[in-house]
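In what follows, a structure is listed as structure tokens, so that the remarks can point back to it.
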Amino acid sequence: MTATRCRTGHAPAATYHAFMTHAPSLDEAAIATLVDCFYDKVRMDSLIGPVFDVAVRDWPGHKRLLTSFWCSVALRSPGYHGHPMAVHRSLPSIRGEHFERWLGLWRETARERLGEPEALQMIGYAERIGRSLRMGMGLPESDRSRPLGIPVIGVQQRA
């Protein structure tokens, strides 16, 4: 299935349901492979690799934690106990361009490792989560957007 994109870049409502519902062949093993391959790319990336290298001390543990996170998102699996917003807020070096690169690598890896419906599902989740994290950190949705200048409580303003 190919999702037609609206002018905003978001999938229209008719296709939104198709890729946000549980894809039948998406399971923990597929998500673990996606996460493993994705973070291998992240570590090699010249823009976001250094940001992750400072923040992640145990890569195998990080991959297990993020596999648990994505399984909780995509499969509604219990077991993830974390606070992604707090973790990201504690890293003041994260900028909007890092989110764009992260999402670009996620899209690429999902399309390489999953079937089309599963890739669309995982990309849709990542887009929503990325948007929420950016908003929670006081970053614009796109580097081409102007910040609104609205302070986010608990987040220091960025230059």
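Taken together, the values in this text are just the output of simple stated rules run on the coordinates, not laboratory data. Since this is a predicted model, take the numbers as computed values, not measurements. Quick reminder, even Gly has a Cβ in these numbers, built from the backbone with ideal geometry, and neighbours come from all protein chains shown.
Miscellaneous remarks
- In this label model, residue 27 and residue 81 are separated by 2.7 nm, measuring between points 7 Å along each Cα→Cβ vector.
- The slack in the chain from residue 128 to residue 65, taken as 0.36 nm per residue of separation less the alpha-carbon distance, amounts to 20.7 nm.
- Taking N as its residue count, the alpha carbon Rg of the range 24-136 over 2.2 N^0.38 Å: 1.00
- Residue exposure proxy: 73, 35, ordered by other Cβ atoms within 10 angstrom of their Cβ from fewest to most, comes out as 73, 35.
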